[in-house]
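Written below as C-alpha coordinates is the structure these notes are about.
The values are calculated or read from the model by the stated rules, or taken from the named source; none is laboratory data. Since the model is a prediction, treat every value here as computed from it, not as a measurement. Counting neighbours? That spans all protein chains shown, and the Cβs are built from the backbone with ideal geometry, glycine included. Keep in mind that these areas ignore ligands, DNA and RNA; they rest on the heavy atoms of the full protein, side chains included. Shrake-Rupley method; radii C 1.70, N 1.55, O 1.52, S 1.80 Å.
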Amino acid sequence: MRRSDKRILTTHAGSLIRPQSVVEFDAARREGGSVDESAYDAALAAAVKDVVTTQAKSGVDIPDDGEFSKSSWGTYINDRVSGFQRDPDRMMAINYTGRDAERFAEFFDGEAPGGTRNNRWRGADVCVAPIVYTDQHSIHRDIANMKAAMASAGVEEGFLPVVAPASAAFNGVNDYYKTDEEYVYALSEALRTEYLAIYESGLVLQVDDAVLANAYDDLMAQSRETYRKWAETRIEALNHALRGIPADRVRYHLCYGSWHAPHVSDAPLEDIVDLILRVNAGAYSIEAANVRHEHEWRVWEENKLPEGKSLIPGVVTHHTISVEHPRLVADRLVRYAKVVGRENVMAGTDCGFQQGARIQRVHPTIMWAKLRSLAEGAEIASKELFS
(Lines give C-alpha, C1' and ligand atoms only; values in the text may rest on other atoms or scores of the structure.)
Protein backbone atom coordinates (compact mmCIF):
# COMPACT_ATOMS: atom_id res chain seq x y z
CA MET A 1 0.00 0.00 0.00
CA ARG A 2 1.31 3.43 -0.91
CA ARG A 3 2.18 5.78 1.94
CA SER A 4 2.65 9.54 2.18
CA ASP A 5 6.43 9.37 2.29
CA LYS A 6 6.99 12.26 -0.16
CA ARG A 7 3.69 14.14 -0.02
CA ILE A 8 0.19 13.72 1.40
CA LEU A 9 -1.63 11.21 -0.81
CA THR A 10 -5.33 11.53 -1.61
CA THR A 11 -8.13 8.99 -1.71
CA HIS A 12 -11.76 8.73 -0.57
CA ALA A 13 -14.21 6.37 1.17
CA GLY A 14 -15.56 4.59 -1.89
CA SER A 15 -19.06 5.24 -3.19
CA LEU A 16 -19.44 7.87 -5.89
CA ILE A 17 -22.55 9.11 -7.65
CA ARG A 18 -23.63 6.77 -10.42
CA PRO A 19 -24.02 7.93 -14.02
CA GLN A 20 -27.38 7.63 -15.75
CA SER A 21 -26.07 4.82 -17.94
CA VAL A 22 -25.84 2.60 -14.84
CA VAL A 23 -28.85 4.02 -12.98
CA GLU A 24 -31.16 2.93 -15.81
CA PHE A 25 -30.25 -0.71 -15.24
CA ASP A 26 -30.62 -0.34 -11.46
CA ALA A 27 -34.13 1.06 -11.94
CA ALA A 28 -35.13 -1.77 -14.27
CA ARG A 29 -34.02 -4.35 -11.70
CA ARG A 30 -35.97 -2.68 -8.89
CA GLU A 31 -39.10 -2.65 -11.02
CA GLY A 32 -38.74 -6.35 -11.80
CA GLY A 33 -38.12 -5.86 -15.48
CA SER A 34 -35.76 -7.89 -17.63
CA VAL A 35 -32.16 -6.70 -17.89
CA ASP A 36 -29.73 -7.48 -20.67
CA GLU A 37 -26.78 -8.54 -18.51
CA SER A 38 -24.26 -8.25 -21.35
CA ALA A 39 -25.38 -4.69 -22.04
CA TYR A 40 -25.23 -3.93 -18.32
CA ASP A 41 -21.69 -5.27 -18.02
CA ALA A 42 -20.61 -3.18 -21.00
CA ALA A 43 -22.21 -0.03 -19.58
CA LEU A 44 -20.62 -0.71 -16.21
CA ALA A 45 -17.15 -1.18 -17.68
CA ALA A 46 -17.46 2.12 -19.58
CA ALA A 47 -18.72 3.93 -16.48
CA VAL A 48 -15.87 2.62 -14.32
CA LYS A 49 -13.31 3.61 -16.94
CA ASP A 50 -14.73 7.12 -17.02
CA VAL A 51 -14.96 7.55 -13.23
CA VAL A 52 -11.41 6.35 -12.62
CA THR A 53 -10.13 8.78 -15.25
CA THR A 54 -12.15 11.62 -13.71
CA GLN A 55 -10.83 10.82 -10.23
CA ALA A 56 -7.25 10.90 -11.53
CA LYS A 57 -7.84 14.23 -13.27
CA SER A 58 -9.38 15.59 -10.07
CA GLY A 59 -6.23 14.79 -8.11
CA VAL A 60 -7.24 11.53 -6.43
CA ASP A 61 -4.11 9.39 -6.12
CA ILE A 62 -5.80 6.15 -5.04
CA PRO A 63 -9.22 5.80 -6.73
CA ASP A 64 -11.83 3.06 -6.85
CA ASP A 65 -14.70 2.00 -9.11
CA GLY A 66 -17.27 4.18 -7.33
CA GLU A 67 -19.08 1.01 -6.19
CA PHE A 68 -21.19 1.35 -9.32
CA SER A 69 -22.12 -2.33 -9.45
CA LYS A 70 -23.72 -2.47 -6.01
CA SER A 71 -27.37 -2.07 -5.09
CA SER A 72 -26.19 -0.87 -1.67
CA TRP A 73 -22.83 -0.48 0.05
CA GLY A 74 -23.79 -3.24 2.53
CA THR A 75 -26.80 -5.28 1.47
CA TYR A 76 -25.37 -5.87 -2.03
CA ILE A 77 -23.92 -9.02 -0.51
CA ASN A 78 -27.43 -10.51 -0.26
CA ASP A 79 -27.38 -10.74 -4.06
CA ARG A 80 -24.12 -12.71 -3.97
CA VAL A 81 -24.83 -15.24 -1.22
CA SER A 82 -27.52 -17.78 -0.48
CA GLY A 83 -29.36 -18.27 2.79
CA PHE A 84 -31.47 -15.11 3.14
CA GLN A 85 -35.17 -14.57 2.57
CA ARG A 86 -36.85 -11.16 2.49
CA ASP A 87 -39.59 -10.47 5.06
CA PRO A 88 -41.07 -6.97 4.60
CA ASP A 89 -42.87 -7.09 7.95
CA ARG A 90 -39.97 -8.31 10.09
CA MET A 91 -38.17 -5.68 12.15
CA MET A 92 -34.40 -5.42 11.87
CA ALA A 93 -32.39 -6.59 14.85
CA ILE A 94 -30.90 -3.17 15.67
CA ASN A 95 -32.14 0.42 15.45
CA TYR A 96 -29.16 2.06 13.78
CA THR A 97 -30.28 5.60 14.57
CA GLY A 98 -30.14 4.71 18.26
CA ARG A 99 -31.95 6.97 20.68
CA ASP A 100 -31.89 9.86 18.20
CA ALA A 101 -35.22 8.47 16.96
CA GLU A 102 -36.72 9.47 20.31
CA ARG A 103 -34.64 12.58 20.95
CA PHE A 104 -35.71 14.01 17.58
CA ALA A 105 -39.05 12.25 17.12
CA GLU A 106 -40.66 15.06 15.10
CA PHE A 107 -37.75 15.10 12.68
CA PHE A 108 -37.80 11.35 12.11
CA ASP A 109 -41.58 11.22 11.79
CA GLY A 110 -41.89 14.22 9.51
CA GLU A 111 -38.68 15.05 7.69
CA ALA A 112 -36.25 12.15 7.73
CA PRO A 113 -36.14 10.00 4.59
CA GLY A 114 -37.04 6.39 5.21
CA GLY A 115 -40.40 6.72 6.90
CA THR A 116 -41.52 7.07 10.49
CA ARG A 117 -39.62 5.85 13.52
CA ASN A 118 -41.76 2.70 13.65
CA ASN A 119 -41.37 1.82 9.97
CA ARG A 120 -37.81 2.97 9.34
CA TRP A 121 -36.30 -0.35 10.43
CA ARG A 122 -39.07 -2.62 9.15
CA GLY A 123 -38.16 -5.08 6.44
CA ALA A 124 -35.49 -7.65 7.21
CA ASP A 125 -33.48 -10.23 5.28
CA VAL A 126 -33.96 -13.35 7.37
CA CYS A 127 -31.27 -16.03 7.41
CA VAL A 128 -33.16 -19.32 6.90
CA ALA A 129 -30.43 -21.55 5.42
CA PRO A 130 -26.62 -21.89 5.27
CA ILE A 131 -24.84 -18.77 4.03
CA VAL A 132 -22.81 -19.69 0.94
CA TYR A 133 -21.12 -17.38 -1.56
CA THR A 134 -22.74 -18.21 -4.90
CA ASP A 135 -22.00 -15.34 -7.33
CA GLN A 136 -18.82 -16.20 -9.19
CA HIS A 137 -19.22 -13.38 -11.71
CA SER A 138 -19.70 -10.00 -10.04
CA ILE A 139 -16.52 -9.64 -7.98
CA HIS A 140 -14.28 -10.80 -10.84
CA ARG A 141 -16.07 -8.46 -13.23
CA ASP A 142 -15.56 -5.57 -10.79
CA ILE A 143 -11.86 -6.40 -10.44
CA ALA A 144 -11.37 -6.62 -14.21
CA ASN A 145 -13.19 -3.32 -14.75
CA MET A 146 -11.08 -1.57 -12.13
CA LYS A 147 -7.76 -2.87 -13.40
CA ALA A 148 -8.61 -1.99 -17.01
CA ALA A 149 -9.69 1.51 -15.95
CA MET A 150 -6.49 2.02 -13.96
CA ALA A 151 -4.37 0.97 -16.92
CA SER A 152 -6.24 3.36 -19.19
CA ALA A 153 -5.88 6.28 -16.75
CA GLY A 154 -2.26 5.52 -15.83
CA VAL A 155 -3.13 5.05 -12.15
CA GLU A 156 -0.52 3.33 -9.97
CA GLU A 157 -2.77 1.99 -7.21
CA GLY A 158 -6.49 1.50 -6.72
CA PHE A 159 -8.82 -0.05 -4.18
CA LEU A 160 -12.11 -1.91 -4.11
CA PRO A 161 -14.50 -1.58 -1.13
CA VAL A 162 -16.40 -4.58 0.20
CA VAL A 163 -18.47 -4.98 3.32
CA ALA A 164 -17.36 -6.17 6.78
CA PRO A 165 -19.10 -8.99 8.69
CA ALA A 166 -20.64 -6.51 11.15
CA SER A 167 -22.19 -4.56 8.30
CA ALA A 168 -22.99 -7.36 5.85
CA ALA A 169 -26.74 -7.78 5.58
CA PHE A 170 -27.12 -5.04 8.20
CA ASN A 171 -30.87 -5.54 7.95
CA GLY A 172 -30.40 -9.28 8.53
CA VAL A 173 -32.01 -11.42 11.21
CA ASN A 174 -30.67 -14.86 12.10
CA ASP A 175 -33.26 -17.64 12.25
CA TYR A 176 -30.96 -20.45 11.12
CA TYR A 177 -27.71 -20.58 13.09
CA LYS A 178 -27.79 -21.68 16.72
CA THR A 179 -25.73 -18.74 17.98
CA ASP A 180 -24.91 -15.20 16.95
CA GLU A 181 -21.25 -16.20 16.70
CA GLU A 182 -21.99 -19.04 14.26
CA TYR A 183 -24.05 -16.64 12.14
CA VAL A 184 -21.35 -13.95 12.02
CA TYR A 185 -18.58 -16.41 11.22
CA ALA A 186 -20.65 -17.91 8.41
CA LEU A 187 -21.00 -14.42 6.96
CA SER A 188 -17.26 -13.83 7.34
CA GLU A 189 -16.42 -17.06 5.49
CA ALA A 190 -18.66 -16.02 2.61
CA LEU A 191 -17.10 -12.55 2.52
CA ARG A 192 -13.62 -14.04 2.50
CA THR A 193 -14.26 -15.05 -1.10
CA GLU A 194 -14.34 -11.37 -2.08
CA TYR A 195 -11.48 -10.41 0.23
CA LEU A 196 -9.16 -13.01 -1.30
CA ALA A 197 -10.19 -12.19 -4.88
CA ILE A 198 -9.34 -8.51 -4.42
CA TYR A 199 -6.06 -9.21 -2.63
CA GLU A 200 -4.94 -11.77 -5.21
CA SER A 201 -5.73 -9.31 -8.01
CA GLY A 202 -3.17 -6.83 -6.68
CA LEU A 203 -5.77 -4.20 -5.78
CA VAL A 204 -6.00 -2.78 -2.27
CA LEU A 205 -8.86 -4.29 -0.26
CA GLN A 206 -11.05 -1.85 1.67
CA VAL A 207 -13.46 -3.25 4.25
CA ASP A 208 -16.45 -0.99 4.98
CA ASP A 209 -17.96 -1.09 8.45
CA ALA A 210 -20.55 1.53 9.33
CA VAL A 211 -22.66 -0.77 11.47
CA LEU A 212 -19.94 -1.40 14.07
CA ALA A 213 -20.39 2.24 15.08
CA ASN A 214 -24.08 2.60 14.22
CA ALA A 215 -25.13 -0.20 16.57
CA TYR A 216 -23.41 1.52 19.50
CA ASP A 217 -26.22 3.63 20.93
CA ASP A 218 -28.95 1.02 20.63
CA LEU A 219 -26.87 -1.75 22.22
CA MET A 220 -25.29 0.50 24.85
CA ALA A 221 -28.83 1.29 26.01
CA GLN A 222 -28.96 -2.37 27.05
CA SER A 223 -25.48 -2.39 28.62
CA ARG A 224 -21.87 -1.66 27.79
CA GLU A 225 -21.14 -5.37 27.98
CA THR A 226 -23.84 -6.09 25.39
CA TYR A 227 -22.27 -3.74 22.86
CA ARG A 228 -18.67 -4.80 23.53
CA LYS A 229 -19.49 -8.51 23.17
CA TRP A 230 -21.44 -7.86 19.96
CA ALA A 231 -18.64 -5.71 18.49
CA GLU A 232 -15.72 -7.88 19.59
CA THR A 233 -17.31 -10.96 18.03
CA ARG A 234 -17.54 -9.14 14.72
CA ILE A 235 -13.99 -7.78 14.81
CA GLU A 236 -12.71 -11.29 15.53
CA ALA A 237 -14.78 -12.64 12.64
CA LEU A 238 -13.39 -9.97 10.33
CA ASN A 239 -9.81 -10.85 11.23
CA HIS A 240 -10.70 -14.50 10.68
CA ALA A 241 -11.90 -13.62 7.18
CA LEU A 242 -8.70 -11.62 6.56
CA ARG A 243 -6.37 -14.43 7.66
CA GLY A 244 -3.36 -14.76 5.39
CA ILE A 245 -3.89 -11.35 3.77
CA PRO A 246 -1.05 -8.95 4.64
CA ALA A 247 -2.23 -5.96 6.66
CA ASP A 248 -0.52 -3.56 4.26
CA ARG A 249 -2.98 -4.60 1.53
CA VAL A 250 -6.04 -3.79 3.65
CA ARG A 251 -7.86 -0.56 4.51
CA TYR A 252 -10.59 -0.48 7.15
CA HIS A 253 -13.27 2.21 6.77
CA LEU A 254 -15.50 3.02 9.72
CA CYS A 255 -18.20 5.66 9.63
CA TYR A 256 -21.41 6.58 11.44
CA GLY A 257 -23.99 6.26 8.70
CA SER A 258 -24.24 8.73 5.87
CA TRP A 259 -27.81 9.83 6.49
CA HIS A 260 -28.49 13.51 7.09
CA ALA A 261 -29.61 13.42 10.71
CA PRO A 262 -28.54 14.91 14.09
CA HIS A 263 -26.06 12.07 14.86
CA VAL A 264 -26.13 12.74 18.60
CA SER A 265 -26.20 8.98 19.08
CA ASP A 266 -22.91 8.44 17.24
CA ALA A 267 -20.31 6.38 19.07
CA PRO A 268 -17.52 8.52 20.56
CA LEU A 269 -14.28 7.59 18.79
CA GLU A 270 -12.45 7.26 22.10
CA ASP A 271 -14.89 4.50 23.07
CA ILE A 272 -14.30 2.35 19.98
CA VAL A 273 -10.75 3.24 18.85
CA ASP A 274 -9.37 0.08 20.48
CA LEU A 275 -11.77 -2.00 18.39
CA ILE A 276 -10.72 -0.20 15.22
CA LEU A 277 -7.03 -0.81 15.87
CA ARG A 278 -7.63 -4.53 16.42
CA VAL A 279 -8.51 -4.93 12.74
CA ASN A 280 -5.67 -6.47 10.76
CA ALA A 281 -5.37 -3.51 8.38
CA GLY A 282 -2.61 -1.19 7.28
CA ALA A 283 -4.78 1.92 7.10
CA TYR A 284 -7.84 3.18 8.98
CA SER A 285 -10.33 5.49 7.30
CA ILE A 286 -12.50 7.51 9.72
CA GLU A 287 -14.92 10.43 9.77
CA ALA A 288 -13.16 13.65 10.78
CA ALA A 289 -14.59 16.52 8.73
CA ASN A 290 -18.18 16.84 9.93
CA VAL A 291 -19.25 18.86 12.95
CA ARG A 292 -19.92 15.80 15.09
CA HIS A 293 -16.47 14.27 14.72
CA GLU A 294 -13.92 16.93 13.69
CA HIS A 295 -12.76 17.36 17.29
CA GLU A 296 -11.77 13.71 17.51
CA TRP A 297 -8.27 14.31 16.17
CA ARG A 298 -7.49 14.68 19.87
CA VAL A 299 -8.18 10.96 20.39
CA TRP A 300 -4.93 10.18 18.57
CA GLU A 301 -2.97 12.19 21.12
CA GLU A 302 -3.95 9.62 23.73
CA ASN A 303 -4.13 6.53 21.50
CA LYS A 304 -0.94 5.90 19.56
CA LEU A 305 -1.34 4.85 15.94
CA PRO A 306 0.66 1.61 15.63
CA GLU A 307 3.97 1.86 13.78
CA GLY A 308 3.68 1.31 10.06
CA LYS A 309 -0.05 2.06 9.97
CA SER A 310 -1.73 4.94 8.13
CA LEU A 311 -4.68 7.11 9.10
CA ILE A 312 -7.12 8.35 6.46
CA PRO A 313 -9.15 11.09 8.16
CA GLY A 314 -12.07 12.57 6.30
CA VAL A 315 -11.13 16.13 5.40
CA VAL A 316 -14.19 16.78 3.23
CA THR A 317 -17.67 15.52 4.08
CA HIS A 318 -20.85 14.38 2.38
CA HIS A 319 -22.85 15.91 5.24
CA THR A 320 -22.96 19.41 3.73
CA ILE A 321 -23.31 20.80 0.24
CA SER A 322 -20.79 23.55 1.07
CA VAL A 323 -17.47 22.83 -0.61
CA GLU A 324 -14.61 22.88 1.87
CA HIS A 325 -11.95 25.51 1.20
CA PRO A 326 -8.54 23.98 0.31
CA ARG A 327 -6.97 25.94 3.17
CA LEU A 328 -9.36 24.29 5.64
CA VAL A 329 -8.53 20.88 4.14
CA ALA A 330 -4.82 21.63 4.55
CA ASP A 331 -5.27 22.76 8.15
CA ARG A 332 -7.04 19.51 8.99
CA LEU A 333 -4.28 17.44 7.39
CA VAL A 334 -1.48 19.38 9.08
CA ARG A 335 -3.21 18.92 12.43
CA TYR A 336 -3.30 15.15 11.98
CA ALA A 337 0.25 15.03 10.63
CA LYS A 338 1.55 16.76 13.73
CA VAL A 339 -0.11 14.14 15.92
CA VAL A 340 0.57 10.87 14.05
CA GLY A 341 3.37 11.84 11.62
CA ARG A 342 3.13 13.19 8.09
CA GLU A 343 4.03 9.88 6.44
CA ASN A 344 1.12 8.24 8.30
CA VAL A 345 -1.64 10.49 6.94
CA MET A 346 -3.64 10.29 3.72
CA ALA A 347 -6.40 12.70 2.76
CA GLY A 348 -9.83 11.09 2.60
CA THR A 349 -13.56 11.72 2.81
CA ASP A 350 -15.90 11.07 5.73
CA CYS A 351 -18.01 8.59 3.83
CA GLY A 352 -19.22 7.89 0.31
CA PHE A 353 -21.44 10.17 -1.73
CA GLN A 354 -24.01 7.59 -2.91
CA GLN A 355 -24.47 4.60 -0.63
CA GLY A 356 -27.09 2.90 -2.78
CA ALA A 357 -28.70 3.08 -6.16
CA ARG A 358 -31.29 5.57 -4.87
CA ILE A 359 -29.33 7.36 -2.11
CA GLN A 360 -27.44 10.42 -3.32
CA ARG A 361 -26.03 12.80 -0.69
CA VAL A 362 -24.93 15.77 -2.84
CA HIS A 363 -25.14 16.84 -6.48
CA PRO A 364 -22.45 15.28 -8.70
CA THR A 365 -20.92 18.68 -9.46
CA ILE A 366 -20.55 19.32 -5.74
CA MET A 367 -18.98 15.90 -5.19
CA TRP A 368 -16.31 16.54 -7.80
CA ALA A 369 -15.68 20.04 -6.43
CA LYS A 370 -15.14 18.51 -2.98
CA LEU A 371 -12.65 15.98 -4.35
CA ARG A 372 -10.75 18.71 -6.21
CA SER A 373 -10.65 20.76 -3.01
CA LEU A 374 -9.35 17.68 -1.18
CA ALA A 375 -6.51 17.40 -3.68
CA GLU A 376 -5.72 21.11 -3.57
CA GLY A 377 -5.69 21.06 0.22
CA ALA A 378 -3.38 18.04 0.26
CA GLU A 379 -0.99 19.92 -2.04
CA ILE A 380 -0.94 22.92 0.31
CA ALA A 381 -0.37 20.66 3.32
CA SER A 382 2.40 18.80 1.51
CA LYS A 383 4.28 22.01 0.80
CA GLU A 384 4.14 22.92 4.47
CA LEU A 385 4.95 19.47 5.81
CA PHE A 386 7.60 18.37 3.32
CA SER A 387 9.36 21.63 2.50
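Just read off the accessible area of D36 with the full protein assembly in place, 1.4 Å probe, to the nearest 10 Å².
90 Å²
Could you report region 169-235's accessible area per residue, 1.4 Å probe, as an integer in Å²?
That works out to 37 Å² per residue.
Between A213, A190, A129, where does the largest GNM mean-square fluctuation fall for the chain, given springs only between Cα atoms within less than 10 Å?
Largest GNM mean-square fluctuation: A129.
Using heavy-atom solvent-accessible surface (probe 1.4 Å) with all chains present, what is the largest-first order of E181, E294, E225? Kindly include the intermediate steps, with their values, before the conclusion.
Details: E181 100, E294 50, E225 130 Å².
The residues order as E225, E181, E294, largest area first.
For the chain, what % of the accessible area comes from carbon and sulfur atoms, probe 1.4 Å?
Details: 7600 of 15620 Å².
Ligands and nucleic acids excluded, carbon and sulfur reach 49 percent.
How compact and how long is the chain, expressed as Rg and Dmax of its alpha-carbon atoms in Å?
Answer for the chain, Rg first and Dmax second: 19.7, 60 Å.
For region 1-133, report the accessible area per residue in Å² (1.4 Å probe, heavy atoms, rounded to an integer). Show your work: numbers first, answer last.
Values: 6070 Å² over 133 residues.
That works out to 46 Å² for each residue.
Ignoring ligands, DNA and RNA, how do K70, K57 rank by accessible area with a 1.4 Å probe, largest first? Could the numbers behind the result be given before it?
On the way: K70 10, K57 170 Å².
Accessible-area ranking of K70, K57, largest first: K57, K70.
Does region 127-256 come out rounded, prolate or oblate by the C-alpha gyration tensor, with a ≥ b ≥ c the root eigenvalues, rounded set by a/c under 1.5 and, if not, prolate when a/b is larger than b/c and oblate if not?
On the way: a/c = 2.42, a/b = 1.72, b/c = 1.41.
Prolate, because a/c is 1.5 or more and a/b exceeds b/c.
Just to confirm the filter: which trypsin sites (Lys or Arg not before Pro) across region 282-371 are DSSP coil and have at most 11 other Cβ within 10 angstrom of their Cβ?
Loop-located and lightly packed - K304.
Could you pull the accessible area for V52 with a 1.4 Å probe, rounded to 10 Å²?
Roughly 0 Å² of V52 is accessible to a 1.4 Å probe.
Which of these, H319, H363, H263, has the largest mean-square fluctuation under a Gaussian network model of the chain (Cα springs below 10 Å)?
Comparing H319, H363, H263 in the GNM, the peak value goes to H363.
Show me 250-262, 158-170 ranked by packing, highest mean number of other Cβ atoms within 10 Å first. Please list the in-between numbers first.
Values: 250-262: 22.9, 158-170: 25.9.
Ranking, from highest mean packing down: 158-170, 250-262.
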